[in-house]
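For reference, the structure is listed below as structure tokens.
The values are calculated or read from the model by the stated rules, or taken from the named source; none is laboratory data. Note that the structure is predicted; figures quoted are calculated from it, not measured. All Cβ positions, glycine included, derive from the backbone under ideal geometry; neighbour counts span all protein chains shown. Surface areas here come from the heavy atoms of the whole protein model, side chains and all, with no ligands, DNA or RNA. Shrake-Rupley method; radii C 1.70, N 1.55, O 1.52, S 1.80 Å.
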Amino acid sequence: MLFIYNLVVLLASQILKLLALFSPKMKLFVDGRKSVFQTLKNKIHPEDKVFWFHAASLGEYEQGLPVIEKVKSEFPHHKIVVTFFSPSGYEVRKNNTVADVTVYLPLDSKANAKQFLNLVHPDKVFFIKYEFWPNYLNELKNRTISTYLISGIFRENQVFFKWYGGFYRNALNAFNYFFVQNEKSKSLLESIGFSNIKVSGDTRFDRVAAILEKDNSLDFIEQFKNNQKTIVVGSSWPKDEELLVQFINDYADEKLKFIIAPHNIKPDQIQNLRKSITKSTVLFSEKNNIDVSKHNVFIIDTIGILTKIYSYADVAYVGGGFGNPGVHNILEPATFGIPIVIGPNYSHFAEASALVGLQGCMSIKNQLELNEAFDLLLQNEDERTEKGHICETFVQMNKGATNTIFKSIF
């Protein structure tokens, strides 16, 4: 099986090079890996003490960030290496300040795994949430390097729990300990013979709870809001925007403000969104020297400020819930005590399922349900306050995973 897997990896590496000729994302994926080993040679020295954290993409990095920051503060003389598999993670966070070295993870071949570990020579290794690369894991096990899964989550449909999944089950033996988010994940691992498991919860709660201690003010958003009720739309996709635009265009109260931060900020899509809105609209990119308070809709055609913007919301709509795998991060608005509206696809996200069950978050399937949800939250202050309180309490009650993980390992 290992022979077949390695053959697939080899073939994939060649196919990716071909795809890179036609796809900008694949070009980033391929070209970004060309200099990894040289970067490691330049920045990691034989005498360095190193911790290695691997994240598949941006979401996993954000999930692991509280642990990375905790480890960095407690072990200031260790170097931190962070690797990404996906361009959508690396390109956004390649200049982060918490890691000493941030690179793409070379493809999972035996040769790459050996060379990578020779250069990084980590004392401990942390895989965040998921993504299990057999050659890397086997090499870590062979070198008896302490390896941990943090904020892990497992589901019945994963290959580990199928009759034909022995090859991948064996790779899990590299982990000294699994820190998982829920009892279901623990039970699934126990069903295939593992007992080195602790239910530690989700480190994202620690990250979003810490947001409240930061300065979340944005002068231009405060000016735009102008003490009026505001709906903040985060990470919206075209299907979300189709429903939202109709609500915006039809809503009679001209005092209501809307802030939209689309998931995709390509200029053509931003312009299409703007043209579909009949109310006065301003873009982030043109906010200077404009009195933004005179506009009804603010479109955020940049990245990196959505979390702060949520702090100004009276109601939040989080996008992605009409797509696959589903809704984006709802914990960021939740930590500010804001009621949340999402689309119907959220079952893969435990926090969304929990908040829908607690009635802090409302799931809608169509235009009528979206209109009814917004009308309820805008017109009924008690309902809005109660749902916001549920969201805020939910975050506060679930924090603490970072300390649980750290105390168990060090």
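Per-structure values
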| read-out | value |
| --- | --- |
| Residues being touching a strand residue (DSSP E or B) at 6+ places or on another chain (Cβ under 6 Å) and part of a helix (DSSP H, G or I) - total across region 153-175 | 1 |
| Counted residues, region 229-257 - those being open to solvent by less than 10 Å² (accessible area, probe 1.4 Å) and either part of a loop (DSSP other than H, G, I, E, B) or without any contact (Cβ under 8 Å) to a residue 12 or more places away in the chain (or both) | 1 |
| Residues satisfying the stated conditions in region 105-135, i.e. touching a Pro at 6+ places or on another chain (Cβ under 8 Å) and either outside the structural domain of residue 166 (by the TED database) or farther than 26 Å from residue 409 by Cβ (or both) | 112, 115 |
| Whichever residue in region 228-273 is among the aliphatic types (A, V, I, L, M) and modelled with pLDDT under 95 and, among such residues, is farthest from residue 327 (Cα to Cα) | 252 |
| Count of residues meeting criterion [closer than 25 Å to residue 8 by Cα and either assigned to a helix (DSSP H, G or I) or of a type in the set (Gly, Ala, Ser) (or both)] in region 121-152 | 9 |
| Long-range neighbours under 6 Å by Cβ, at least six apart or interchain, first residue closer than 13 Å to residue 90 by Cβ within region 17-35, second open to solvent by 80 Å² or more (accessible area, probe 1.4 Å) and part of a helix (DSSP H, G or I) | 30/17 |
| Unmet requirement for residue 268, which otherwise passes all of (1) over 24 Å from residue 340 (Cα atoms); (2) of a type in the set (D, E, K, R); (3) in contact (Cβ under 8 Å) with a residue 24 or more places away in the chain | (3) |
| Subset tally (residues that are modelled with pLDDT of 95 or more, out of contact with any Asp or Glu (no Cβ under 9 Å at 6 or more places or on another chain) and surrounded by fewer than 20 Cβ atoms within 10 Å (Cβ to Cβ)) for region 142-157 | 3 |
| Residue in region 124-141 that is out of contact with any helix residue (DSSP H, G or I) (no Cβ under 8 Å at 6 or more places or on another chain) and open to solvent by 30 Å² or more (accessible area, probe 1.4 Å) present | no |
| Check on residue 276, more than 25 Å from residue 320 (Cα to Cα), out of contact with any Leu (no Cβ under 9 Å at 6 or more places or on another chain) and modelled with pLDDT of 95 or more | no |
| Identity of the residue in region 20-50, open to solvent by 80 Å² or more (accessible area, probe 1.4 Å) and in a helix (DSSP H, G or I), that ends up farthest from residue 122 (Cα to Cα) | 24 |
| Residue within region 71-86 that is in the same structural domain as residue 44 (by the TED database), under 18 Å from residue 38 (Cβ atoms), free of Cβ contacts under 8 Å to residues at least 12 places away in the same chain and out of contact with any strand residue (DSSP E or B) (no Cβ under 8 Å at 6 or more places or on another chain) present | no |
| Selected residue [modelled with pLDDT under 95, outside the structural domain of residue 148 (by the TED database) and open to solvent by 10 Å² or more (accessible area, probe 1.4 Å)] from 336, 349, 406, 322 | 349 |
| So residue 178, is it crowded, with 21+ Cβ neighbours inside 10 Å, free of Cβ contacts under 8 Å to residues at least 40 places away in the same chain and in a helix (DSSP H, G or I) | no |
| Matching residues, region 262-282, being of a type in the set (A, V, I, L, M) and either in contact with a Phe, Trp or Tyr (Cβ under 8 Å, 6 or more places away or on another chain) or open to solvent by 20 Å² or more (accessible area, probe 1.4 Å) (or both) | 265, 282 |
| Single unsatisfied condition, residue 329 versus (1) closer than 17 Å to residue 231 by Cβ; (2) in contact (Cβ under 8 Å) with a residue 60 or more places away in the chain; (3) not charged (D, E, K, R) | (1) |
